[in-house]
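Read through the structure below, which is laid out as structure tokens, and then see the notes.
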Amino acid sequence: MTGKQRNIWSAGLLACALLIGTALWAYDYTRRDLMAERRVAGQAQLALYGELLRGWLGKYRALPSIYAHEPDVVALLDAPEDSRRVEAVNARLERWNATSGASDTYILDAQGKAIAASNWNSGASFLGKSYAFRPYFRQAMQGRLGRTFALGTVSGLRGYYFAYPVQSDGRIRGAVVVKVGVGEIEQELRLDMGAVFVSDRDGVVVLAGPPHWRMKTLQPLSEDARRRVERERLFPIEVLRPLPVQGIERDSGNSVVSAQPDRSEQREADFLHLSAPMKTEDWRVHLLVETRGVAKRSLMAALLASLVILTLLLLGLLLWQRRRRMIGRLTAQEENRRELERLVTERTANLREANENLEQEVRERSQAEVDLRRTQSELIQAGKLAALGQMSAALSHEFNQPLAAIRTYSDNATAFLDRGRGAEATENLARISRLTERMARLSKHLTSFARKPGDTVEPVPLDAVIAETLALLNARIEGAGAYIDNRLPSDIIVMGGQTRLQHVFMNLIGNALDATAQEAQPVIILRADSDGPALSVIVEDNGPGVPPEVQANIFDPFFSTKEPGKGLGLGLSISFNIVRDFDGHLQVENRQEGGARFIVTLILADAGREAAE
Ligand code: ADP
């Protein structure tokens, strides 16, 4: 189990404990509260019942003492054998009894025998019966009010007996007894809910609202009590059964007991047991207060409290979950942010590395370009030297021919001078001078051609370039018997470098001369074709043209179809790069009528300036 799971379990247990605890507390609290309420009400009710009982007994208590002072009664006890008196007293007792509402009223002589009775006329009359065993008789005979609760030996009915001594000449002659029936009072003790009952000092229920509780005992009788009850014949011992009330205490009363006071009820219920003493009778009045609603209402309170706690717990859970989700979201966001930062850092590092690599590459490329340019310019030089080499025969002819002419003219001049023909000599010298001029011009062209190219791009007059080129190639052209058809306009200025452009056209025209070597009449056409800011200088020949497989490689370095020693295969490759350096391009195609066409596209100087502006 992980720590998190353990936490969830603990929280769950805590919540359960809280729920159960609250329910129990609410139940107990409500129950106590309601019980206290019932107790207060019950105690008031109990006091009322006490008063009722006291009033009931009080109503009869004084009667025997009043009757005992009646002269007839005293006279009867003085002469108990006088039957007339007996009859008269019987009649009076009957009347008194009916008036007072007592059960029976009778007179006992000093031996405890009934000598007159209100029920003289009934079959179950007390007359002649001895009640000497009754405590009330003994008490009366001792000169005080006798009082006893007992089951009538003749009637079998419960009753409360008051007895009072009848005195004459300072002696106690007998007693007047009033027996009070319990039917009426017990009727008053009947309750719809709960129960009222009265126990005597031995714990015998002498009066009870519920009929089946009468003459039951709160606890088993002690041996003494048992003997006394038997002796005084208060009740037959065998009728005394335990009171069917669970958990009842005899003397105190503040407990919850379970009983079934109303037999029509299906089962026992819980009652609050309250009791209060009735001192004069040595009795105790008991009240069972009904508690049915208590359990129900306590349960409701417990439920309500549980519901509140459950709601709070659920609310708490909800808040907790929401908080957890929020924390989760924040954590995820934080993680995303960190991941993003990490990625950014990583990408930045990668980019930096890539950048460094690029810079390195740029540096390397720049270096390579520098190297290339150097190599290229070296190659141009080499190419030029190669061209010069190729031209050497023609050049030597170019120089030899004027030299031979100079020699002839100088010889002629010498001869003319010898002969004194100054004018002819001067004419020859002038020719020599023109020839040296021509040689000087050729030499100048050669020098400029041999010069190392610059690397700037500037406006260059195209006709100057072409003129220079043709001058250098003149010997070869003438040697080949080729016809140069120069249709180029004279006022074109292009962007480039004089020497490098010259080199391009040297190559193109030189190649054309090579290609047309076999032709009967080699023709090389130079023309221009302008297209907006660009100008194409076209060099065409009437040679065999360029086969497709050659076209594919024609601008590659060291590609040559010429026999070894004749071609290096660098001319077009270098020319291609030179033209590209001028932001132009070099293309090849075949003419429809046969022969090759090389197109050098350059930028017009005006356009270049305009674009620059
Ligand atoms: P090289 O002239 O030293 O061979 P180039 O680069 O100048 O080197 O030319 C490469 C090849 O292109 C030549 O060998 C030739 O085969 C071909 N070529 C060049 N110009 C022409 C042309 N005008 N007509 C036919 N073929 C040509």
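Quick look at the values:
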| read-out | value |
| --- | --- |
| Subset of segment 554-579 that is more than 8 Å from the ligand (Cβ to nearest atom) and at pLDDT 90 or above - its residue that is most open to solvent (accessible area, probe 1.4 Å) | Phe576 |
| All positions within segment 149-172 that are among the charged types (D, E, K, R) and either within 60 Å of the chain's Cα centre (by Cα) or surrounded by fewer than 21 Cβ atoms within 10 Å (Cβ to Cβ) (or both) | Asp169, Arg171 |
| Single match in Gly497, Gly595, Gly532 (criterion: touching a Pro at 6+ places or on another chain (Cβ under 8 Å), of a type outside the set (Asp, Glu) and at positive phi) | Gly595 |
| Selected residue (criterion: farthest from the ligand (Cβ to nearest atom)) from residues of segment 531-547 that are closer than 13 Å to Asn511 by Cβ and not acidic (Asp, Glu) | Val539 |
| Residue under evaluation Ala528, criteria (1) among the hydrophobic types (A, V, I, L, M, F, W, C); (2) farther than 28 Å from Ala464 by Cα; (3) more than 10 Å from the ligand (Cβ to nearest atom), criterion not met | (2) |
| Residue within segment 598-611 that is away from the ligand (no atom under 13 Å from the Cβ), touching a residue at least 60 places away in the same chain (Cβ under 8 Å) and among the acidic types (Asp, Glu) present | yes |
| Residues of segment 132-145 classified as assigned to a helix (DSSP H, G or I) and open to solvent by 10 Å² or more (accessible area, probe 1.4 Å), total | 5 |
| Among the candidates Leu343, Leu303, Leu315, residue that is touching a residue at least 40 places away in the same chain (Cβ under 8 Å), open to solvent by less than 100 Å² (accessible area, probe 1.4 Å) and at negative phi | Leu303 |
| Members of segment 537-553 that are in contact (Cβ under 8 Å) with a residue 40 or more places away in the chain and under 15 Å from Ser575 (Cβ atoms) | Val537, Ile538, Val539, Val546 |
| Positions within segment 534-552 being loosely packed, with under 14 Cβ neighbours inside 10 Å and either basic (Lys, Arg) or over 17 Å from Ala515 (Cα atoms) (or both), in sequence order | Ala552 |
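Listed here are the residues, each with its yes/no results for (1) open to solvent by less than 30 Å² (accessible area, probe 1.4 Å); (2) under 18 Å from Phe598 (Cβ atoms); (3) outside any helix (DSSP H, G or I); (4) more than 16 Å from the ligand (Cβ to nearest atom).
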site	(1), (2), (3), (4)
Val465	yes, yes, no, yes
Gly479	no, no, no, yes
Ile484	no, yes, yes, no
Pro489	no, no, yes, yes
Val494	yes, yes, yes, yes
His503	yes, yes, no, no
Ala512	yes, yes, no, no
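The values are calculated or read from the model by the stated rules, or taken from the named source; none is laboratory data. Quick caveat, the model's predicted, so the values are computed rather than measured. Methodologically, a virtual Cβ is constructed for each residue, glycine included, from the backbone with ideal geometry; neighbour enumeration extends over all protein chains shown. Ligands, DNA and RNA are stripped out before the accessible areas are found, and what is left, the full protein with its side chains, is counted by its heavy atoms. Shrake-Rupley method; radii C 1.70, N 1.55, O 1.52, S 1.80 Å.
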